[in-house]
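Remarks on the structure that follows.
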């Protein structure tokens, strides 16, 4: 049963989940990137993380980045794991908060040092603060298709954690295959179960391309009606806690797929690709996007 | 309507379509590669091309490579565009011939200097020679999803050319998205049309990953019941006639997908990945396979 959406919303992860897992670039480079992404038509951009710079030094300048942006039509979001981060994010001008937990107890312990339930409990004050300030909150669940420590993750566990985040007040939950081990059948299984209990408009997918499966997994999710897709320009990033993990699925490759499927997205592929080349030049590497490389070659 | 096959036959392209489009490696490296591919469980290996060394210097030693192999259980095939090539291939010990044309007139002209119909006519004597020697012949149709010169290619054209190759006596036709421009909807459209007229056991898919779509396109083809997939270890190769083209889809990534889908294939992924690392070392590069890189990282 296929029910592709007519329109997809892409949530751009490059400046946060991407750059968080690359070597540090300057504040100016980040501002240039986010402005270029906005120019390319992206309306949802995760712009930083308000976490301890001891954990994630690459995100230490998130407040400076966001304060320097003047993008009234863009939904700028940031990771806000606690009240201190949420307050700083609000002060900087963030329009949306993001909180994260995992569908794997071991991953949650190793990544954020607490159980899944504790992680959700801890978010209560961020949620209350967000509500008081009329800020919406997005939830992330990692390891929905597998965990580097536990291996297989039961779809039922993903459902439970997702429902808890929605009950807490998240407007949407993004389902992360953090280690990129999922294939189309596993993704179909997990999402099909969730859709029996949760409206599809409350779900997004967030797939890493470690095993080259991300785009096929996104295609599977789209075929089930999922209409929000996380992606990072130039395939930036990865996961330092997950052995062997490479980056996010490249936004350019997702846009190319959507073009082929005739699904609306509002993004200019050439501008997007140029934004990716610009930031990867700052990083001293080439985009991890086949589309970006192919477009570059044909423009030569 | 999904009808995934329970078993898939992978036709390994690395030693031919792959190495044909990489810088030259030694005859010994090719022999090592093909033996390693056989050790990994591959039963269908395209081992060389009997074409003019002026056109394709990388394949000049195909006879030496094939003569040096002792793989009675492997179906070793080679490109044989004319009678001279077919004779040389037979002498070397090739068990299957392969002939190629395109679904695009312009591509056919630029690539093999004749019209599609002329290209098929020219194969008559190769076919007669094959029949007389009890050798089966595989057909390739390139540009099934688009052409670098003509842009869109009508599915009806792909059907006509495929039917002509089957009528000529090919036991199977491999449908090539040579320039990798196809996305899942286009692939689904083309294959769905062909399946109205041709039995699925006579069709294979051959997708290049220029725009990162190959695996998703293979997934689409599998969902329609296609059970033969061409792939090249380490994503070797490309197409020198197609601007911006990168390599074949990586066999490792296809095998990972099949594992996830629970589809039988008979290939040992670790051995396959090692074969890819070995040949890419000889080429002075890393495999263009996310799976090969991820496995390598996790083994560190």
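Overview of values
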| item | result |
| --- | --- |
| Among (1) surrounded by 21 or more Cβ atoms within 10 Å (Cβ to Cβ); (2) more than 19 Å from the chain's Cα centre (by Cα) - the single one residue B:8 does not satisfy | (2) |
| Those residues of segment A:170-180 which are outside any strand (DSSP E or B) and within 14 Å of another protein chain (Cβ to nearest Cβ), in sequence order | A:178, A:179, A:180 |
| Any chance residue B:279 is in contact with a strand residue (DSSP E or B) (Cβ under 7 Å, 6 or more places away or on another chain), modelled with pLDDT of 95 or more, away from chain A (no Cβ under 14 Å) and over 20 Å from residue A:248 (Cβ atoms) | no |
| Which numbered condition residue B:280 fails, given (1) touching a residue at least 12 places away in the same chain (Cβ under 8 Å); (2) in contact with a helix residue (DSSP H, G or I) (Cβ under 8 Å, 6 or more places away or on another chain); (3) more than 21 Å from residue A:289 (Cβ to Cβ) | (3) |
| Residues of segment B:26-40 that turn out to be buried (at least 20 other Cβ atoms within 10 Å of the Cβ) and outside any helix (DSSP H, G or I), as a count | 1 |
| Flag if residue B:47 is crowded, with 20+ Cβ neighbours inside 10 Å, assigned to a strand (DSSP E or B) and in contact with a helix residue (DSSP H, G or I) (Cβ under 8 Å, 6 or more places away or on another chain) | yes |
| Scan of segment A:287-300 for residues that are free of Cβ contacts under 8 Å to residues at least 24 places away in the same chain and either more than 11 Å from every other protein chain (Cβ to nearest Cβ) or part of a loop (DSSP other than H, G, I, E, B) (or both), ordered by number | A:300 |
| Residue B:49 farther than 19 Å from residue B:274 by Cβ and more than 18 Å from the chain's Cα centre (by Cα) | no |
| Residue in segment A:11-23 that is part of a strand (DSSP E or B) and surrounded by 18 or more Cβ atoms within 10 Å (Cβ to Cβ) present | yes |
| Total residues in segment B:141-173, condition farther than 15 Å from residue B:199 by Cβ and out of contact with any helix residue (DSSP H, G or I) (no Cβ under 8 Å at 6 or more places or on another chain) | 6 |
| Identity of the residue in segment B:52-65, assigned to a helix (DSSP H, G or I) and in contact with a strand residue (DSSP E or B) (Cβ under 7 Å, 6 or more places away or on another chain), that ends up modelled with the lowest pLDDT | B:59 |
| Residue within segment A:64-76 that is free of Cβ contacts under 8 Å to residues at least 12 places away in the same chain and either closer than 30 Å to residue A:124 by Cβ or in contact with a helix residue (DSSP H, G or I) (Cβ under 6 Å, 6 or more places away or on another chain) (or both) present | no |
| Among the candidates A:215, A:222, A:193, residue that is under 18 Å from residue A:175 (Cβ atoms), within 18 Å of the chain's Cα centre (by Cα) and surrounded by fewer than 24 Cβ atoms within 10 Å (Cβ to Cβ) | A:222 |
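The values are calculated or read from the model by the stated rules, or taken from the named source; none is laboratory data. Source: prediction; values computed, not measured. Ideal geometry is used to build each Cβ from the backbone, glycine not excepted, and the neighbour counts take in all protein chains shown.
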